[in-house]
1. Failed condition for residue 207, given (1) surrounded by fewer than 19 Cβ atoms within 10 Å (Cβ to Cβ); (2) assigned to a helix (DSSP H, G or I), with all others met?
2. Go through region 228-264 and count every residue that is surrounded by fewer than 17 Cβ atoms within 10 Å (Cβ to Cβ) and under 15 Å from the mean Cα position of the chain (by Cα).
3. Which of the residues that make up region 269-278 are touching a helix residue (DSSP H, G or I) at 6+ places or on another chain (Cβ under 7 Å) and at negative phi?
4. Among the residues of region 109-149, count how many are surrounded by fewer than 18 Cβ atoms within 10 Å (Cβ to Cβ), within 27 Å of residue 67 (Cβ to Cβ) and in contact (Cβ under 8 Å) with a residue 24 or more places away in the chain.
5. How do the helices (runs of 4 or more DSSP H) wholly within region 228-314 filter down when requiring 2 or more residues that are modelled with pLDDT of 90 or more and under 28 Å from residue 27 (Cβ atoms): which remain?
6. Residues that are in contact with a helix residue (DSSP H, G or I) (Cβ under 7 Å, 6 or more places away or on another chain) and over 30 Å from residue 20 (Cβ atoms): does region 279-298 have at least one?
7. Might you check whether a residue that is at pLDDT 85 or above, farther than 21 Å from residue 183 by Cβ and under 21 Å from the mean Cα position of the chain (by Cα) occurs anywhere in region 10-28?
């Protein structure tokens, strides 16, 4: 209590305390992480297999087939690869990001509906906390084709420790851009668009919150993926090379994407975009449905306990 300050637990005019809003965001994130992991794993492999064993760029169709062959050979382990660090990351990644996001948002009086300023601050300040988890997640499935198994987390940490954990921060620069786009479009844009859709479409057709949420996610997701897919490619290039080997810099990763686009055109730049759009729709919808469900439960609890009366704020 003393660490956060008493105000952190006080119910605000939105019907939730900052602590409850944070809990709802974390719960929604855990639900989304568990459910969308197979799509996340498949997308990484499609992007990772952009080069063959000799280091030569291959056609996106071949990379897609390579990823499918891994899933056919190891359906369960491939689908669940990386889910451990991703779930752990709900704490290590989301607490800093959502904590900063909601902290700035509540400070600005926006409550649990953050704006662009809060999203920008959260994206930049949380990147050093998020990147190590993303690195471990990608390393776990980086060598699936060679070994047919996920790489143990402790092995990844030991290899990183030998280099003073510096490898865990590979890809931080593109992550900041990725995280900013994710926050602006996913955490700010989608909820606001959903409210608009609910008002303009839902109230006139009787469409429920889940349906309007899916519509909002479907509109936001293609924009999100077009913006983030090249950044995601840079992350994959930088984070799937051997930890013991020479790290790939941001400039080298950009040069690799440029070479890819020179050979295969827009298909080279946007490898994995189709599956990325599907993942974004699924992820955004699952996250916000889980978050709003928990917010409703917590808000009703506050009403039942007498901590919050909606009539006081009309």
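1. Only one criterion is unmet by residue 207, namely (2).
2. 0
3. Kept after step one, since they are touching a helix residue (DSSP H, G or I) at 6+ places or on another chain (Cβ under 7 Å), are these residues of region 269-278: 269-273, 275-278.
Within region 269-278, 269, 270, 271, 273, 275, 276, 277, 278 meet the criteria.
4. 3
5. Details: elements: 250-264, 266-269, 273-304.
The qualifying helices (runs of 4 or more DSSP H) are 273-304.
6. No - not one qualifying residue is present in region 279-298.
7. Within region 10-28, none of the residues are at pLDDT 85 or above, farther than 21 Å from residue 183 by Cβ and under 21 Å from the mean Cα position of the chain (by Cα).
Let's see how each residue does on (1) over 24 Å from residue 110 (Cα atoms); (2) touching a strand residue (DSSP E or B) at 6+ places or on another chain (Cβ under 9 Å); (3) part of a helix (DSSP H, G or I):
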site	(1), (2), (3)
124	no, no, yes
127	no, no, yes
133	yes, no, yes
139	yes, no, yes
149	yes, no, no
159	yes, no, yes
190	no, no, yes
197	no, no, yes
220	no, no, yes
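The values are calculated or read from the model by the stated rules, or taken from the named source; none is laboratory data. These figures come from a predicted structure and were not determined experimentally. Cβ atoms come from the backbone with ideal geometry, glycine included; neighbour counts cover every protein chain shown.
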